[in-house]
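In what follows, a single structure is set out as structure tokens and then discussed.
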Amino acid sequence: MATIHKLTVKEEEIMSRFWEKGALFVRELLDFYTDNKPHFNTLSTIVRGLEEKGFLNHHSFGNTYQYYPVISRDDYKKGALDNVVRKYFKSSYLGVVSSLIEEEEVSLEDLKKLIRQVEESSKK
């Protein structure tokens, strides 16, 4: 999988709208804000940045663009997780699990449950 850029909090908020609704015009994005509505130009700049990063593409309608997601939320989550595992755990998912167990974030019972789930899914 290609490296997926990390999103800022604001970019992720905007991408969530695209992942939930599909194709949108920037003006439609503005309708989702009730308080602290960003300026149209600010929102448009962020959306164009998301397109440059490869998250969105657009259809042209005269002078305006309708943007749509080209990376799914699941692909983004997987890419983000892969980046963390590569950066902090030397690409070792076993290292991630070991760290979670050592920090007591995952109980032995949860680990056994996970193993059962993996075994069942590999039988299918």
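A short reminder: the numbers here are calculations on the coordinates, not readings from a lab. Predicted model only: the values in this text are computed from it and were never measured. Reconstructed Cβ throughout: ideal geometry from the backbone, glycine too, with neighbour counts over all protein chains shown.
Checking the table 6/123; 53/90; 53/124 against a 28 Å threshold on Cα-Cα, which pairs fail? Going by Cα-Cα distance, 6/123; 53/124 fall outside the 28 Å limit. The length gained by stretching the chain between residue 53 and residue 30 to full extension, at 0.36 nm per residue less their Cα-Cα distance, is 6.2 nm. Quick one: grab the alpha carbon gyration tensor of the stretch 14-53, order the square roots of its eigenvalues as a ≥ b ≥ c, and give me rounded if a/c is under 1.5, else prolate or oblate depending on whether a/b is larger than b/c. The shape class here is oblate. For the stretch 62-124, the gyration tensor built on C-alpha atoms gives a prolate shape. Its axis ratio a/c (a ≥ b ≥ c) is at least 1.5, and a/b is the larger of a/b and b/c. Of the chymotrypsin sites (Phe, Trp or Tyr not before Pro) found in the stretch 19-124, those in coil by DSSP whose Cβ has at most 15 other Cβ atoms within 10 Å are 32, 33. Applying both filters, DSSP loop and at most 13 other Cβ atoms within 10 Å, to the GluC sites (Glu not before Pro) of the stretch 1-105 gives 103, 104, 105.
In loop segments of the stretch 43-113 as defined by DSSP, the trypsin sites (Lys or Arg not before Pro) with at most 15 further C-beta atoms inside 10 Å of their C-beta are 53, 90. A prolate overall shape is assigned to the stretch 8-91, the ratio a/c of its alpha-carbon gyration tensor axes (a ≥ b ≥ c) being 1.5 or greater and a/b exceeding b/c.
Extension gain for the segment residue 104 to residue 85, taken as residue separation times 0.36 nm less the Cα-Cα distance, is 5.0 nm to one decimal.
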